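Notes for the one structure printed next.
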Amino acid sequence: MKDLLADRVVLITGAGAGVGRGIALACGGAGAKVVVTARNPEQGRGVVAEITERGGTALFARCDVTRRAEIDAAVQAACQQFGALDALIHNATSNRSPEPHALEDVDASLIEEHTSVALRAAFDCAQLSFEPLRQRQGHYVLLTSPAGIEGSATLPLYSAVKAGQRGFLKSLAKEWGPQGIQVNAISPLSATPALVRAFEANPTLKTQLETLTPLGRVGDPELDIGAAATLLLSPASRYITGQTWVVDGGRFLGL
Amino acid sequence: MAQDGILDGRRALVTGGESGFGAALLEGLCTRGARAESIAIGDPSREGVHASFDAAVAALGGLDVVVHAALDPSLLESRALCETSGAQWEQGCEACLRTAVFVLQASYRHLRGRGGRIVLVTPAVSTAGAAGLVPLTTAVESIRIVAKTAAKQWGSQGITVNSLAPGLDALFDSSQAPRVALGEPGLPDFDPQRDVAPVLGFLSSEEAGTLTGATLRVDGGVWMAG
């Protein structure tokens, strides 16, 4: 995997922790120049430091994905400081994603909270990265979930926006394919900080999840999800577009 | 007709029922015995949608079936994503999802504890994708899956929630539908508006109480994946 992404420039939203961090570390380890974007500068710069300490190349760009200007600035930073943009991975999700809610109770502000980060930001990231990605025949990647395929009994709005992202990527794959840009999604299961907190709150949850997973464990954000992301961005995957890669040890087999 | 009287006594509201595909669905409900009325979404806020439903249900004298067929026509305009403005995205895609959520909620308010049928029209193109229609397929796929979550959360109230997925040609006068190459229909004589009615008739009936969270593609047998 060491030089699989040599000379590629990869921008990741929400890369300060969890899956975003895992993908950033993996891409950096594979030789990519990584643009780590996050709302929290301390977290983001921490990930940059981890990449550079391992011999990789990275820079931090503060980015709240609900602010189009910040997405634009991050894309510009990639192009100006690293010379190009080969991949944009829109991983950021609402902080309220794991909060259970009843569909009959949701109001416009909670809908906006989810749609602004998952859908509006997907729209903005796509528009703002199109030209650089077209020049490099690059990749646009979203992070989705089984909730977006089969619906979650406890997370209606999270399910809705994750589903929306799949509707988004299929049409965009058809639209951008002639431009040479691949558009795909990854659906991960890994021990993110949110899931680890859930395990601490409910000690049986980890065992339940492991039991439901054919490969018997919850994934690692870098070694499992990041590895798959690296593969998706690599030359080996040059003929793949419009797809959702489910990287979860086999827990979800509904695709 | 085999479905004569299948909806006798059932009270139905159809959003978007005043014209086009919604009107065809409403007519199909009526010919099967339902008391069906079109409901216009005026004020699209949560309070506005709920108030519209409260008034419509009061006029009907109750509620058994809701069909959400209303669709902002701007979503059917083919346009490159990079030529789509933020306002078009928000007023098309995001407003579409928001309205569907509020319609689901309003339906729930009147069906909970008594049971009922909610059917959302989710054009089949959302699972196939189509260049030029990113806002449409984003919104519709969101709605199709939020319907499943409603099915999971409200089943204990006797409420079923399903999606009806027509082809795009059902939503247009035939010459105006965007060209989305999904293949030839298995049923060459399929009428995209008229021939959806029997499936909706079944979905709306008392008989269909064991079907929920499903997507029924009724497009003449064009898109069959999944």
Pairs returned, first residue in the range B:25-44 that is farther than 15 Å from residue B:118 by Cα, second residue that is of a type in the set (Asp, Glu) and assigned to a loop (DSSP other than H, G, I, E, B), beta-carbon separation under 6 angstrom, 6 or more apart or interchain, are B:33/B:8
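Based on what the data block shows, is residue A:135 touching a residue at least 40 places away in the same chain (Cβ under 8 Å), facing chain B (nearest Cβ under 8 Å) and in a helix (DSSP H, G or I)?
It is false that residue A:135 is touching a residue at least 40 places away in the same chain (Cβ under 8 Å), facing chain B (nearest Cβ under 8 Å) and in a helix (DSSP H, G or I).
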Taking residue A:107 as the residue in question, decide whether it is touching a residue at least 40 places away in the same chain (Cβ under 8 Å), facing chain B (nearest Cβ under 10 Å) and either surrounded by fewer than 19 Cβ atoms within 10 Å (Cβ to Cβ) or acidic (Asp, Glu) (or both).
-> no
Top-ranked residue in the range A:174-209 [being among the polar types (S, T, N, Q) and either outside any helix (DSSP H, G or I) or within 14 Å of chain B (Cβ to nearest Cβ) (or both); ranked as farthest from residue A:17 (Cα to Cα)] = A:179
Residues of the range B:25-43 being exposed (fewer than 14 other Cβ atoms within 10 Å of the Cβ) and under 16 Å from residue B:107 (Cβ atoms), in sequence order, are B:40
Output the qualifying pairs, or none if there are none: Cβ atoms under 8 angstrom, residues six or more apart or on different chains, first residue in the range B:92-110 and closer than 12 Å to residue B:63 by Cβ, second residue part of a helix (DSSP H, G or I) and of a type in the set (Phe, Trp, Tyr).
-> B:106/B:53; B:107/B:53; B:108/B:154; B:109/B:53; B:110/B:53
In the range B:94-116, residues that are in contact with a helix residue (DSSP H, G or I) (Cβ under 8 Å, 6 or more places away or on another chain), closer than 29 Å to residue B:180 by Cα and more than 7 Å from every other protein chain (Cβ to nearest Cβ) total 4
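Among the listed residues A:24, A:69, A:6, A:61, identify the single one that is assigned to a helix (DSSP H, G or I) and either touching a residue at least 24 places away in the same chain (Cβ under 8 Å) or closer than 26 Å to residue A:218 by Cβ (or both). It would help to see each step written out before you state the result.
Working: A:69 fails: either touching a residue at least 24 places away in the same chain (Cβ under 8 Å) or closer than 26 Å to residue A:218 by Cβ (or both); A:6 fails: assigned to a helix (DSSP H, G or I); A:61 fails: assigned to a helix (DSSP H, G or I).
Every option except A:24 fails the conditions.
Could you list, in sequence order, all residues of the range B:1-24 that are assigned to a helix (DSSP H, G or I), crowded, with 20+ Cβ neighbours inside 10 Å and among the hydrophobic types (A, V, I, L, M, F, W, C)?
Once the filter is applied, which keeps residues that are assigned to a helix (DSSP H, G or I), crowded, with 20+ Cβ neighbours inside 10 Å and among the hydrophobic types (A, V, I, L, M, F, W, C), the range B:1-24 yields B:21, B:24.
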Which is more than 15 Å from the chain's Cα centre (by Cα), of a type in the set (D, E, K, R) and more than 20 Å from residue A:147 (Cα to Cα), of A:175, A:222?
-> A:175
Can you name the condition, by its number, that residue A:153 falls short on among (1) touching a residue at least 24 places away in the same chain (Cβ under 8 Å); (2) surrounded by fewer than 24 Cβ atoms within 10 Å (Cβ to Cβ); (3) among the hydrophobic types (A, V, I, L, M, F, W, C)?
-> (1)
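Computed from the coordinates by the stated procedures, all read-outs in this text should not be read as laboratory data. The model shown is predicted, which means the values in this text are computed figures rather than measured ones. Quick reminder, even Gly has a Cβ in these numbers, built from the backbone with ideal geometry, and neighbours come from all protein chains shown.
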